[in-house]
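The values are calculated or read from the model by the stated rules, or taken from the named source; none is laboratory data. Every value quoted in this text rests on a predicted model; they were computed, and no experiment measured them. For neighbour counting, all protein chains shown are included, and Cβ atoms are generated from backbone atoms with ideal geometry for every residue, glycine included. The protein model used for the area step is the full one, side chains on, heavy atoms only, and it has no ligands, DNA or RNA in it. Shrake-Rupley method; radii C 1.70, N 1.55, O 1.52, S 1.80 Å.
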Amino acid sequence: MPTQARPFLMFTGRAEEAMTRYVSLFTDGRVLEVNRYGAEGPGPEGSVMVARFRIAGLEVMCSDSYVQHAFGFTPSMSLFVDCRSEEEVDALAALLSEGGSVLMPLDDYGFSRRFAWVADCFGVSWQLNLP
């Protein structure tokens, strides 16, 4: 197997909800694999031990951490999406910021004719770009 890098998103009980939402927003979105904790643990039975999904040509991994950490997602690490159309960037900005926040509203920032930076309801940061 060749060396490969993928983003890995760690949730605290909402990995499946996030993954399901993300794959629904992209035309190529697809859950590739889900492994769950069993009755023997160590995580809560049925929660996501590790999963893989694909969005916009990118394979992403995620899990539900059963350990409480003193950190969460930070906007300094984000998923950058080049969109095909103004309609797509507008729709993704609206859908992904729903229940989250807008870090940079949709606009022409010079480096992009249409760009938005949002944090979704799970705390994951997205940069949405129309090249």
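The figures follow:
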{"quantity": "Proportion of all alpha-carbon pairs of segment 1-58 beyond 13 Å (%)", "calculated": "64 percent"}
{"quantity": "Segment 60-82 and segment 1-28: distance between their alpha carbon centers, rounded to Å", "calculated": "10 Å"}
{"quantity": "Extension gain (nm, one decimal) between M104 and R6, 0.36 nm per residue minus Cα-Cα", "calculated": "32.8 nm"}
{"quantity": "Most to least accessible of Y22, Y37, Y66, Y109 (protein chains only, probe 1.4 Å)", "calculated": "Y66, Y109, Y37, Y22"}
{"quantity": "Between 0 and 90°, nearest 10: helix 15-25 axis offset from the chain longest Cα axis", "calculated": "30 degrees"}
{"quantity": "Segment 80-131: proportion of alpha-carbon pairs further apart than 12 angstrom, %", "calculated": "54 percent"}
{"quantity": "Protection proxy ranking of 54-64, 23-33, 113-123 - average other beta-carbon atoms within 10 Å, highest first", "calculated": "113-123, 54-64, 23-33"}
{"quantity": "Descending semi-axes in Å of the chain, equivalent ellipsoid built from Cα gyration tensor", "calculated": "28, 16, 13"}
